[in-house]
1. List the equivalent ellipsoid semi-axes of the stretch 446-561 in whole Å, largest first, each obtained as the square root of 5λ for an eigenvalue λ of the Cα gyration tensor.
2. Return the percentage of antiparallel bridges among DSSP beta bridges fully within the chain, rounded to the nearest 5 %.
3. Given a cut-off of 20 Å, name the pairs among K349/K379; K2/K279; K201/K558 whose C-alpha atoms lie farther apart than that in the structure shown.
4. Compute the normalised compactness of the stretch 40-170: alpha-carbon radius of gyration over 2.2 N^0.38 Å, N being the residue count.
5. Considering Cα pairs under 8 angstrom that are at least six residues apart, work out the relative contact order of the stretch 2-284 and quote it in whole percent.
6. Give me the percent relative contact order of the chain, please, defined on Cα pairs under 8 angstrom at least 6 residues apart.
7. Have a look at T306, V384, L330 and report the one farthest towards the positive end of the charge dipole of the stretch 291-412, computed about the Cα centre with Cβ charges (Lys/Arg +1, Asp/Glu -1).
8. Suppose only helical runs count, i.e. DSSP H with n ≥ 4. What mean residue ellipticity at 222 nm does that imply for the chain under -39500 (n - 2.57) per run, divided by all residues and rounded to the nearest 500 deg cm²/dmol?
Amino acid sequence: MKWYTIDLHLHTPASSDYQQPDTTYLDILQKAEARGLDMIAFTDHNTVAGYRRMVEEIQQLEMLQRLNRLLPEEEARLKEYNRLLERIVVLPGFEFTATFGFHILGIFPPEKPTREIEHILLDLSIPSDQLDEGSVTVGASADVLMAYQKINAAGGLAIAAHANSNNGVAMRGFRFGGQTKIAYTQDVNLHALEVTDLDRKGGHSTAAFFSGRKPEYPRRMHCIQGSDAHRLETDSVRHKNLGIGDRATDVRLSEFSFEALKDLMLGNDFARTRPNRPKAEPVFDFVQAAHEEGANIVQDFHESMTVRGGKLYAIIADVCAFANTNGGTLYIGMSRNPRRSVTGVASAKQEIARLEKEISDRISPPLNCSIDANNFGNKQIIRVLVPRGEDPPYAVDESKIYLRAESETGMAVRDEIVDMVLRGRSERPAGAPKPVVPDMPDDKDLDPEAPPRTGVEVVSVEERKGVRYYTVRDLRNGNVVQNVTRKSARKLWHYAVTNYDKISPDISQVKIKWHGDMGMIAPKSQTVIRYDLLQRDKIGNVRYYFGVTDDGIHGNWKQVVGLVEE
């Protein structure tokens, strides 16, 4: 494996809005070399004319060479082309303008004939008389999903261009979203999202949003960045007009080819892409970034994997839970607490072999995990990549079924097992899109007083033969689970039903900070990271929400918990 630097979103003078029309294709290659790029793609607006013209220029020079008619400056030009194309892989492609003005990158292997790529554009309703125009506006065009499908079917990479910006499928600035946004960002024919904030840390980045933590977006998306350069260098006046390589991506490949790049985008190893940084800046460390982010629904940490104390079993249970939920990554040899020193593993090779055997022997049906060793500081840690299973439910020792909820793993209850069986029956073959939760609007589409988006709602309780049975709703996805007891309840559910019993008989005795009909139970400490919330309806009934995290807070709830000033 080796790191390579790519910029898959470059325009040429074949785009009508190119800002330096006198630029030559050799100028572009020379600038790419100067910026340390190993692979680039010409992605002009609704045309492949830029790439075709470069190829035609080289072919013309080669023909003159065969005829011994090359002028000295032409010979030097051909020699420079050959040198640069030995150094840099140049891919043909286009930036397609789909319905609603969304931009889709179609990128193809270098051996793909440009005529075939033009046929794809024709199939996408680009008028034949505009194939060489390079215009952003092409009139009526094809739907986003059709563009993904045709690019993928032709062997290309379908990438949503600047997904989080204007003309991006993440629909920033649109007053609608919901199912359309889910479809446009989760489609099986879409290989990656190009984003403009890949270097941004924290839960508000685009990569974090599409990390598989949101129930309505269960497919974790590969995120890359590209310069979208319409000029050689950054505009000295309008700094947002980037130059070649100003916003590039590093990818880790076993071999340097389009096929290896596509395999990376089809896989579930999300540590093999990182934002490219100037040599003066520290290299992006995915292990450090994961550790700082902490445990969540798609990643967790274990200091060791000893049999004593159940530590090995806890890892196996996490693997099972990830497979039954959204997939995820385990790091072994480091604590959940980022302040604690990393312990590492004594013999990574030996421990990996043992873990592979345990997963193979104890989890059914078979699950194909990827396990490797990584250096972190002066220690070795083990990383386990767990895919979202295509044949749920998965079980440990044939009978114990686990699920992931927030940052915890717990035993699945009957209703959840039924849901997994139904999901397994509805799953398509490998590579097909996963079913998504319906009717889950984005935060901007929610009623400001709608329930929080995380935590547990205790819906009701009834007592039978001295045992209390609760109905709870997972606020992440709206799933309702009945017949939950304190004994069967997972950690967060147990917390919810226990606190519900403490306050529900008479909330007048509970210290509550009310904001209209929305309230928060006063936390016991100032370091609380979860909220217990209440909400009254018009006739005085109270709804109870427990263990809500910041990710679930929206609308007027922000004022209730103090995330914004009143």
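Every read-out reported here was derived from the displayed coordinates using simple, explicitly stated rules and does not represent laboratory data. Quick caveat, the model's predicted, so the values are computed rather than measured. Cβ placement follows ideal geometry from the backbone for every residue including glycine, while neighbour counts extend to all protein chains displayed.
1. 22, 15, 14
2. That works out to approximately 75 percent antiparallel.
3. Distance filter (> 20 Å) returns K201/K558.
4. The value comes to 1.19.
5. Across the stretch 2-284, relative contact order equals 21 percent.
6. Normalised by residue count, the contact order of the chain is 10 percent.
7. Most positive-ward Cα: T306.
8. My calculation for the chain gives -8000 deg cm²/dmol from helical runs alone.
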